[in-house]
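Scroll down for the structure; my scribbles are underneath it.
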Amino acid sequence: MDLSELDRDSTGRCRLNSPVPAVCRKEPCILGVDEAGRGPVLGPMVYAICYCPLSRLADLEALKVADSKTLSESERDRLFVKMQEDGDFVGWALDVLSPNLISTSMLGRVKYNLNSLSHDTATGLVQFALDQGVKVAQVFVDTVGLPDTYQERLQQRFPGIEVTVKAKADALYPVVSAASICAKVARDQAVKNWHFVEKLQDLDADYGSGYPNDPKTKAWLRKHVEPVFGFPQFVRFSWRTAQSILEKEAEGVMWEDSLTGDQEGPGRITSYFSEGARVRPRLPHRYFQERGLESATTL
């Protein structure tokens, strides 16, 4: 799996996909959607779709695909290779969302929570398959949030497709199991080969599971927090675990008002209509005022 695009820019997202099997452009297809890495504080979140013709679903089941969480890494790798070998009837696509993208989305001035990001990513992958000419007839999705609400939203978005959203869909439907394997293989590879642009000294690659409650993960976060610049881009700094460590280990920041004590504030409104109105200091743009930013006069 070629994740070189993520290596070149680990701040955004990248999409990978297999060639579309010719039969998938001719026959009605079933498509599964799942993700890997939703909960960890480290590394990307990966969404995946896998699809095949309804007439070949038994062949997909014969591969013995299962929920990726129940399989070892070597078993997942073997099954992914097998799906690639069966590319005459199985297709897949991935959307890899970097930790930086997740954090900036969640902490932006206009909030974009993880559920919304997940829903939009899944919707985008289904649309991607349709744009590639795949004749999608049925979609099965492992839920994020309330399954009924999520299913209604997808059904409205794709009215000509039969949509089913279930909890634990990766254990119920083989096509979702196959998608979960694709997502997990991609995330494992991305985490294992992560390119640290920060060029950290004494980098410890043993960060545990990456989940917030893992003591080894917490120890890695404490070791690699920089007092001024915070965490490397490998960390989702929007997670509460990361924020707590920043509050304890990093330097505090004092944001001051743009107007200093010796600057004159707004005068009476009547002064704007009097003759010879005094020259008033020009206030900084709202962008700078809201962020407490001032011009640097000395270094």
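When DSSP assigns beta bridges and you keep just the ones with both residues in segment 1-145, what percent turn out antiparallel, to the nearest 5? Before the final figure, lay out the partial values.
Numbers: 20 of 25 bridges.
DSSP beta bridges in segment 1-145 are roughly 80 percent antiparallel.
Scan the chain and note any complete DSSP helix (H) whose C-alpha atoms cover at least 24 Å along its axis and whose Kyte-Doolittle average is -0.5 or more. Can you show the working numbers first?
Values: long enough: 114-131 (25 Å, 0.29); 174-192 (27 Å, 0.54).
For the chain, where a helix must reach 24 Å along its axis and average at least -0.5, the hits are 114-131, 174-192.
Under 12 Å Cα-Cα from Lys64, which aspartates and glutamates qualify once same-chain neighbours fewer than 8 residues away are excluded?
Hits, sequence-local ones excluded: Glu75.
Too long at a 29 Å Cα-Cα cut-off: which of Lys168/Lys248; Lys192/Lys223; Lys216/Lys248; Lys111/Lys248? Present the calculation step by step, with values, prior to reporting the outcome.
Details: Lys168/Lys248 37 Å; Lys192/Lys223 19 Å; Lys216/Lys248 18 Å; Lys111/Lys248 25 Å.
From the list (Lys168/Lys248; Lys192/Lys223; Lys216/Lys248; Lys111/Lys248), the Cα-Cα distance tops 29 Å for Lys168/Lys248.
Please report Rg (one decimal) and Dmax (integer) in Å for the Cα set of the chain.
Both quantities, over Cα of the chain: 25.0, 89 Å.
Around Ser72, under 13 Å between beta carbons, what's the net of Lys plus Arg minus Asp minus Glu among the other residues? Working shown, then result.
Values: positive: Lys69, Arg76, Arg78, Lys184; negative: Asp67, Glu73, Glu75, Asp77, Asp188.
Cβ neighbours under 13 Å give a net charge of -1.
Give the lysines reachable from Lys135 as a straight Cα distance under 16 Å; neighbours fewer than 8 places away on the same chain don't count.
Lys26
Could you check what % of the DSSP bridge pairs in the chain are antiparallel, to the nearest 5? If you can, show how the numbers build up before the last one.
Numbers: 22 of 32 bridges.
Restricted to the chain, the bridges split so that about 70 percent are antiparallel.
Got the relative contact order for the chain handy, in percent, Cα pairs under 8 Å and 6 or more residues apart? Provide the component values of the computation, followed by the final result.
Numbers: 468 pairs, mean separation 71.4, N = 299.
Relative contact order, the chain: 24 percent.
How about Lys82: which aspartates and glutamates have a C-alpha closer than 17 Å to its C-alpha, ignoring those fewer than 8 places off in the same chain?
Asp2, Asp59, Glu61, Asp67, Glu73
No lab work stands behind these numbers, since they all come straight from the coordinates. These numbers were taken from a predicted model, which means no experiment stands behind them. Heads up, the Cβs are rebuilt from the backbone with ideal geometry, glycines too, and the neighbour counts pull from every protein chain shown.
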